[in-house]
Structures are given as C-alpha cells and as structure tokens.
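**Student:** Please read through the structure below; I'll follow up with questions.
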C-alpha cells in the first residue's frame, strides 16, 4: 500500500504599502516553510520589498502583471486565477489605510 503525501496549503500573501512591508521577505520565508506561497505587492509596498531577497519558490505579482497577462476577452485574468489557486489570502503586514477599506466599503486590495 502507498500513501499520498498530504498537499501543502496554498497561501496568497499580500503586502500593503506601509513601512512594515520591509518584513514581507521574512513572512514569505516563514509561510513557505509549510505552505505553497504566491505573493502580491502594491506599488507603494515595492519601496520596501527587495524582490531579489524573496525565496526562489515564491512568485511575486504586481499591478503590472495584472494588466499584462491578458489581451482579449476569454484570456485568464490574474486576480481571478489567484483566487482559484489560493486556499487563503493573508494581508501582512497590513497598513491602517488598507485595514480601513473594508469598513468603508472599498473591499478589495488595490494596486494603486
């Protein structure tokens, strides 16, 4: 008899644009120890995130990727594909500004 190796959870890790995003690389490393990780970063968070320091198995997506991955109706749309892929989304570190958005009915992570 053979056993299937349990699958690792799929975590979409998102960085918002606060100075705390400097910890994003560390969070990616910790999460990737036990999960498959894909990452998204806002334009403002990229001021604090060094892409080259992220674990090699973590794919980082930005707003540019959202708009360059499709060209016509029917093509895959990145944010929809990431929603299908992920078991959970974690926004960390989370700026106070981003935290306030669901409370003010702006209920999506914006990339501007």
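The values are calculated or read from the model by the stated rules, or taken from the named source; none is laboratory data. Everything numeric in this text was worked out from a predicted model, so none of it was measured. Using ideal geometry, Cβ is built from the backbone for each residue, glycine included, and neighbour counts are taken over all protein chains shown.
**Student:** Being under 20 Å from residue 95 (Cβ atoms) and surrounded by fewer than 22 Cβ atoms within 10 Å (Cβ to Cβ) is the filter here, so list the residues in the range 36-45 that pass it.
**Tutor:** 43, 44
**Student:** Do you know which residues across the range 17-51 are touching a residue at least 60 places away in the same chain (Cβ under 8 Å), in contact with a strand residue (DSSP E or B) (Cβ under 6 Å, 6 or more places away or on another chain) and within 18 Å of residue 79 (Cβ to Cβ)?
**Tutor:** Passing the criteria: only 40.
**Student:** I've got another one for you. Where the second residue is exposed (fewer than 14 other Cβ atoms within 10 Å of the Cβ) and part of a helix (DSSP H, G or I) and the first is free of Cβ contacts under 8 Å to residues at least 60 places away in the same chain and on the phi < 0 side of the Ramachandran plot and lies in the range 54-81, which pairs have Cβ atoms under 7 Å and are six or more apart or on separate chains?
**Tutor:** Qualifying pairs under 7 Å: 60/51.
**Student:** Which of the residues spanning the range 57-76 are surrounded by 13 or more Cβ atoms within 10 Å (Cβ to Cβ), modelled with pLDDT under 90 and either touching a strand residue (DSSP E or B) at 6+ places or on another chain (Cβ under 8 Å) or farther than 18 Å from residue 13 by Cβ (or both)?
**Tutor:** Selection gives 69, 70.
**Student:** Same structure, new question: Kindly provide the set of residues from the range 82-102 that are modelled with pLDDT of 90 or more, exposed (fewer than 14 other Cβ atoms within 10 Å of the Cβ) and not in a loop (DSSP other than H, G, I, E, B), ordered by number.
**Tutor:** Across the range 82-102, the qualifying residues are 83, 84, 85, 88.
**Student:** Which condition breaks for residue 48 when tested against (1) touching a helix residue (DSSP H, G or I) at 6+ places or on another chain (Cβ under 7 Å); (2) under 12 Å from residue 91 (Cα atoms)?
**Tutor:** (2)
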